[in-house]
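Enquirer: Take a look at this one; I'll ask things after.
The values are calculated or read from the model by the stated rules, or taken from the named source; none is laboratory data. On a predicted model such as this, the values are computed, not experimentally measured, just so you know. All Cβ positions, even for glycine, are placed from backbone atoms using ideal geometry, and neighbour counts span all protein chains on display.
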Amino acid sequence: MATFLEGVESISLLCSLVVLVPSVLLVLTAPTRRVWLIVAFAVGTATMMWARAGRLWDFDANGTARWIIGVAIIATYALGHQRLGGKPLLPLTLGLAAGAIAGWLWQPCVGEQFAEVLNTAETDRVESLVKMHAYVIGLLLPAALITVLPHAAPRARVAMHHLGLRRSALIVAVVYGIAVAAGWYDDLVSELFRISAT
């Protein structure tokens, strides 16, 4: 529970935007299956963070990898922009891919509880994986609220399905992919991390 609450507290840190913005963009871009997308995004993000912390994924996102990631981001969000009604595995795949990319590009800016999770990821894999998911669920609370908003408020349903909103979110996602491919994103993440640390 403490790790979940630390995830909620981390929402206010600028360095958390590296995970928050892609999750919100995914929810806003998609016309359907948003719950599937955000759940898969959370699993993909937490699993990639855990794999990086446990040194199971030790690949740097630089050079050619940056270009591949940038193209993958654009493709993922462009596919997510389509209607996903008859394709049940596609939202899960897209959410997992977008989440894994966000987890790969994330730099830890954490408090006490989560620092312990990161430090024990190599030795206590199962417990750290569970706590990593709890942290990410807390961190993604804004995206989860946006996801359920159309079910709670009929006016929000109309706004969320508005093509202009979805296209705007897709444009921002394309800029996100271009920024990653060009290397600008690394500079932005480093700056957000520096500001959060002060």
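Enquirer: For the range 152-178, how many residues meet the condition of being among the aliphatic types (A, V, I, L, M) and without any contact (Cβ under 8 Å) to a residue 60 or more places away in the chain?
Expert: 8
Enquirer: Can you confirm whether the range 174-195 contains a residue that is in contact with a Ser or Thr (Cβ under 9 Å, 6 or more places away or on another chain), modelled with pLDDT under 90 and surrounded by 15 or more Cβ atoms within 10 Å (Cβ to Cβ)?
Expert: Keep residues of the range 174-195 that are in contact with a Ser or Thr (Cβ under 9 Å, 6 or more places away or on another chain), which gives 177, 192.
Subsequent filtering for residues that are modelled with pLDDT under 90 retains 192.
Among the residues that remain, those that are also surrounded by 15 or more Cβ atoms within 10 Å (Cβ to Cβ) are: 192.
Looking for residues that are in contact with a Ser or Thr (Cβ under 9 Å, 6 or more places away or on another chain), modelled with pLDDT under 90 and surrounded by 15 or more Cβ atoms within 10 Å (Cβ to Cβ), one finds at least one in the range 174-195, hence yes.
Enquirer: In the range 74-86, what residues are in contact with a helix residue (DSSP H, G or I) (Cβ under 9 Å, 6 or more places away or on another chain) and either of a type outside the set (Gly, Ala, Ser) or surrounded by 18 or more Cβ atoms within 10 Å (Cβ to Cβ) (or both)?
Expert: Once the filter is applied, which keeps residues that are in contact with a helix residue (DSSP H, G or I) (Cβ under 9 Å, 6 or more places away or on another chain) and either of a type outside the set (Gly, Ala, Ser) or surrounded by 18 or more Cβ atoms within 10 Å (Cβ to Cβ) (or both), the range 74-86 yields Ile74, Thr76, Tyr77, Leu79, Gly80, His81, Gln82, Leu84.
Enquirer: Follow-up question, since we're still on this one. Condition first: within 14 Å of the chain's Cα centre (by Cα), touching a residue at least 24 places away in the same chain (Cβ under 8 Å), buried (at least 24 other Cβ atoms within 10 Å of the Cβ) and under 20 Å from Pro142 (Cβ atoms). Can you find one or more residues in the range 8-17 that meet it?
Expert: Within the range 8-17 (the criterion being within 14 Å of the chain's Cα centre (by Cα), touching a residue at least 24 places away in the same chain (Cβ under 8 Å), buried (at least 24 other Cβ atoms within 10 Å of the Cβ) and under 20 Å from Pro142 (Cβ atoms)), the answer is no, since none of the residues qualifies.
Enquirer: Within the range 23-39, can one find any residue that is more than 30 Å from Val158 (Cβ to Cβ), at pLDDT below 90 and of a type in the set (Phe, Trp, Tyr)?
Expert: Quick first cut of the range 23-39, residues more than 30 Å from Val158 (Cβ to Cβ) only: none.
Scanning the range 23-39 turns up no residue that is more than 30 Å from Val158 (Cβ to Cβ), at pLDDT below 90 and of a type in the set (Phe, Trp, Tyr).
Enquirer: Continuing with the same structure: Which residue, of Ala173, Ala121, is in a helix (DSSP H, G or I) and either within 27 Å of Trp50 (Cβ to Cβ) or within 19 Å of the chain's Cα centre (by Cα) (or both)? Give the steps one after another, and end with the answer.
Expert: Working: Ala121 fails: in a helix (DSSP H, G or I).
Within the list Ala173, Ala121, the selection yields Ala173.
Enquirer: Might you let me know whether the range 108-117 holds any residue that is surrounded by fewer than 22 Cβ atoms within 10 Å (Cβ to Cβ), in contact with a helix residue (DSSP H, G or I) (Cβ under 7 Å, 6 or more places away or on another chain) and in a helix (DSSP H, G or I)?
Expert: Within the range 108-117, one or more residues are surrounded by fewer than 22 Cβ atoms within 10 Å (Cβ to Cβ), in contact with a helix residue (DSSP H, G or I) (Cβ under 7 Å, 6 or more places away or on another chain) and in a helix (DSSP H, G or I).
Enquirer: Checking Met132 against (1) touching a residue at least 24 places away in the same chain (Cβ under 8 Å); (2) more than 21 Å from Met48 (Cα to Cα): exactly one of these is not met. Which one?
Expert: (2)
Enquirer: Given the conditions (1) touching a helix residue (DSSP H, G or I) at 6+ places or on another chain (Cβ under 7 Å); (2) surrounded by fewer than 20 Cβ atoms within 10 Å (Cβ to Cβ), and given that Leu25 satisfies all but one, which numbered condition is not satisfied?
Expert: Here Leu25 clears every test but (2).
Enquirer: Keeping to the range 4-41, report how many residues are touching a Ser or Thr at 6+ places or on another chain (Cβ under 7 Å), more than 30 Å from Arg83 (Cα to Cα) and of a type in the set (Gly, Ala, Ser). Walk me through it before giving the result.
Expert: Step one: list which residues in the range 4-41 are touching a Ser or Thr at 6+ places or on another chain (Cβ under 7 Å), which gives 10, 13-16, 19, 27, 34-35, 38, 41.
Restricting the remaining residues to those that are more than 30 Å from Arg83 (Cα to Cα) gives 10, 13-15.
Then keep just the ones that are of a type in the set (Gly, Ala, Ser); that gives 10.
Total satisfying the criteria: 1.
Enquirer: Out of Val71, Val35, which single residue is in a helix (DSSP H, G or I), exposed (fewer than 15 other Cβ atoms within 10 Å of the Cβ) and either of a type outside the set (Val, Ile, Thr) or touching a residue at least 24 places away in the same chain (Cβ under 8 Å) (or both)? Write out each step before concluding.
Expert: Details: Val35 fails: exposed (fewer than 15 other Cβ atoms within 10 Å of the Cβ).
One residue alone meets the criteria, Val71.
Enquirer: Return a yes/no flag: does the range 129-139 have any residue that is exposed (fewer than 14 other Cβ atoms within 10 Å of the Cβ) and basic (Lys, Arg).
Expert: no
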